[in-house]
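Participant: Here it is, the structure, as structure tokens.
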Amino acid sequence: MRWLKAEEVLGSRCPICGEPLDQPGICSRCAAELRSERRGNLVYLGNYRRLKGVVRRLKYRGGFVLARPLAKPLARGVVEAGWQVEAVTAVPTLWWRALSRGYNPAEVLGRALAAELGLPYVRVLARRYARSQTRRAKDQRAALRAGVFFVRRELPYRRWLLVDDVWTTGGTFRAVERALRAAGAEAVYGAVIAAGKRPL
Ligand SMILES: [Zn+2]
């Protein structure tokens, strides 16, 4: 009865094409068609409009069945880029959010990606709580964001692949990249499921 259980949680339709699922997660046709695209230091699987159903489902408990079909094409993109990353980590979520959800979707994807690449996944980052940012001016928001991420242990590697679910403006990525570089990282590359129209 495992399949019924997954179906209850995830719905019976493919989050990309909307057709009935022939396997858990993503239908076999869409899974086979997933290719990574690359812009600068970022690999991603497509634009947000096409992939927002996938991004949403990964946030629900049980959404981790999606991690592997997403990680496979992303891993190919990372290898083809020739970045020579040494370890994988994910943009951290707030601890209470991870606690209420049971997991951090970016970390679930990051661990699947590390497994595909044969690299270690290392939890090195943490995130401070910052008050609601909706009333703040844009440059103040950026300054605030830069301070909310920090490295919580000595970095055991120098070349990192940073994983998140979505790339919107790149502000989060740059803030985490600054924290990693300040702690001694020499290269930081990114992998996400979906990116906005112009990712970089
Ligand atoms: Zn499909």
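The values are calculated or read from the model by the stated rules, or taken from the named source; none is laboratory data. This structure is a prediction, so every number in the text was calculated from the model and none was measured. Glycine gets a Cβ as well: all are built from the backbone with ideal geometry, and neighbour counts include every protein chain shown.
Participant: When the residues of segment 45-63 are narrowed to those that are of a type in the set (Gly, Ala, Ser) and within 18 Å of Gln23 (Cα to Cα), which ends up surrounded by the most Cβ atoms within 10 Å (Cβ to Cβ)?
Facilitator: So the residue we want is Gly63.
Participant: Yes or no: segment 54-62 includes at least one residue that is at pLDDT 95 or above and among the hydrophobic types (A, V, I, L, M, F, W, C).
Facilitator: No, segment 54-62 contains no residue that is at pLDDT 95 or above and among the hydrophobic types (A, V, I, L, M, F, W, C).
Participant: Which count do you get for residues in segment 176-200 that are surrounded by fewer than 20 Cβ atoms within 10 Å (Cβ to Cβ) and either aliphatic (A, V, I, L, M) or in a helix (DSSP H, G or I) (or both)?
Facilitator: 6
Participant: Of the conditions (1) crowded, with 20+ Cβ neighbours inside 10 Å; (2) touching a Phe, Trp or Tyr at 6+ places or on another chain (Cβ under 7 Å); (3) at pLDDT below 95, Asp165 satisfies every one except a single condition; which number is it?
Facilitator: Result: Asp165 fails condition (2) only.
Participant: Kindly establish whether Leu42 is in contact (Cβ under 8 Å) with a residue 60 or more places away in the chain and either more than 8 Å from the ligand (Cβ to nearest atom) or surrounded by 15 or more Cβ atoms within 10 Å (Cβ to Cβ) (or both).
Facilitator: Details: in contact (Cβ under 8 Å) with a residue 60 or more places away in the chain: yes; either more than 8 Å from the ligand (Cβ to nearest atom) or surrounded by 15 or more Cβ atoms within 10 Å (Cβ to Cβ) (or both): yes.
Criteria met by Leu42.
Participant: Let me spell it out: the conditions are (1) at pLDDT 95 or above; (2) surrounded by 18 or more Cβ atoms within 10 Å (Cβ to Cβ), and Leu66 meets all of them except one. Which number is the exception?
Facilitator: Unmet for Leu66, out of (1) at pLDDT 95 or above; (2) surrounded by 18 or more Cβ atoms within 10 Å (Cβ to Cβ): (1).
Participant: Another question about this same structure. Could you tell me which of the residues Leu200, Leu155, Leu117, Leu109 is in contact with a strand residue (DSSP E or B) (Cβ under 6 Å, 6 or more places away or on another chain) and modelled with pLDDT of 80 or more?
Facilitator: Leu109
Participant: Residues that are part of a loop (DSSP other than H, G, I, E, B), within 16 Å of the ligand (Cβ to nearest atom) and at pLDDT 85 or above: does segment 4-13 have at least one? I'd like the intermediate steps shown before the answer.
Facilitator: So the first thing to find is which residues in segment 4-13 are part of a loop (DSSP other than H, G, I, E, B), and the list is 11-12.
Add one more test, that the residue is within 16 Å of the ligand (Cβ to nearest atom), and what stays is 11-12.
Checking which are at pLDDT 85 or above leaves us with none.
So far as segment 4-13 goes, no, none of its residues is part of a loop (DSSP other than H, G, I, E, B), within 16 Å of the ligand (Cβ to nearest atom) and at pLDDT 85 or above.
Participant: Next question, about the same structure. Could you identify the single residue in Gly77, Gly63, Gly18 that is among the small types (Gly, Ala, Ser) and touching a strand residue (DSSP E or B) at 6+ places or on another chain (Cβ under 6 Å)?
Facilitator: Working: Gly63 fails: touching a strand residue (DSSP E or B) at 6+ places or on another chain (Cβ under 6 Å); Gly18 fails: touching a strand residue (DSSP E or B) at 6+ places or on another chain (Cβ under 6 Å).
Every option except Gly77 fails the conditions.
Participant: Of all residues in segment 17-39, which are near the ligand (Cβ under 8 Å from one of its atoms) and either closer than 28 Å to Phe173 by Cβ or charged (D, E, K, R) (or both)?
Facilitator: Glu19, Ile26, Arg29, Cys30, Ala31
Participant: Only one of Val55, Val91, Val122 is in contact with a Leu (Cβ under 7 Å, 6 or more places away or on another chain) and either in contact (Cβ under 8 Å) with a residue 60 or more places away in the chain or away from the ligand (no atom under 16 Å from the Cβ) (or both). Can you tell me which?
Facilitator: It is Val91.
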